[in-house]
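Student: Here it is, the structure in full.
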Amino acid sequence: MTQIELKNVLFGDEDKNVTVEVMPFSRKNEAHVRFAYDVTDMMSGGKSKFYDMSDAARGYVDIFLCRQTENEESMTVYNAVRGDLRAARTLLMHPTFQEDLDRFFVNA
């Protein structure tokens, strides 16, 4: 898992800095591969489940952000990051994921 610090994530009426863990991209995980192709299809104007980059960023949070459903604090962080479009897009554009995506397509 990769830890990423997000600054000033909206938590209701206040901002908080949080550290989240994201799963590394794996071409063995079909959800990861579908996500990669949906993002590239959306960026090239093709048919995609994502309308735009903001939509893709929330999809990224859904798939890659680690959370424990039985842990209320974990789910609160997940909901805050997913609800804060700036935070979600920051995760999508983080160099770690972008490098994984580049490696996936270069080695395809």
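FYI, it's all coordinate maths here, none of it is from the lab. For clarity, every value in this text was computed on a predicted model and none was experimentally measured. Ideal geometry is used to build each Cβ from the backbone, glycine not excepted, and the neighbour counts take in all protein chains shown.
Student: Based solely on its DSSP helices, what 222 nm [θ] is calculated for the chain when runs of n ≥ 4 H residues each add -39,500 (n - 2.57) and the sum is averaged over all residues, nearest 500 deg cm²/dmol?
Tutor: Calculated at 222 nm, the ellipticity per residue is -16500 deg cm²/dmol.
Student: Related question: What whole-number distance in Å separates the alpha-carbon centres of the range 4-41 and the range 61-102?
Tutor: Cα centroid to Cα centroid, the span is 3 Å.
Student: If you don't mind, there's one more thing I want to ask. Out of the range 5-50, which trypsin sites (Lys or Arg not before Pro) are coil in DSSP terms and have no more than 11 other C-beta atoms within 10 Å?
Tutor: Taking the range 5-50 and a limit of 11 other Cβ atoms within 10 Å, the loop trypsin sites (Lys or Arg not before Pro) found are Lys28, Lys47.
Student: For Lys16, which aspartates and glutamates qualify as cross-link partners when the Cα separation must be under 17 Å and same-chain residues fewer than eight apart are set aside?
Tutor: Reachable aspartates and glutamates: Glu5, Glu72, Glu73, Asp84.
Student: Suppose the chain between Met1 and Asn29 were pulled fully straight at 0.36 nm per residue; how much longer would it get relative to their current alpha carbon spacing?
Tutor: 8.6 nm
Student: Quick check: residue separation of Met93 and Thr40 times 0.36 nm, minus the Cα distance between them. What number comes out in nm?
Tutor: Value of the extension gain: 17.7 nm.
Student: Express the relative contact order of the chain as a whole percentage, based on alpha carbon pairs under 8 Å and six or more residues apart in sequence.
Tutor: Relative contact order of the chain: 25 percent.
Student: Please compute one quarter of the surface area of the Cα convex hull for the range 2-106 and express it in square nanometres.
Tutor: So the Cα hull casts an average projection of 6.8 nm².
Student: Another question, if that's okay. Give the lysines reachable from Lys47 as a straight Cα distance under 24 Å; neighbours fewer than 8 places away on the same chain don't count.
Tutor: In chain and number order, the partners are Lys28.
Student: Now for a different question. I need the GluC sites (Glu not before Pro) found in the range 1-101, filtered to DSSP loop residues with at most 11 other beta carbons within 10 Å of theirs.
Tutor: Passing sites in the range 1-101 are Glu70.
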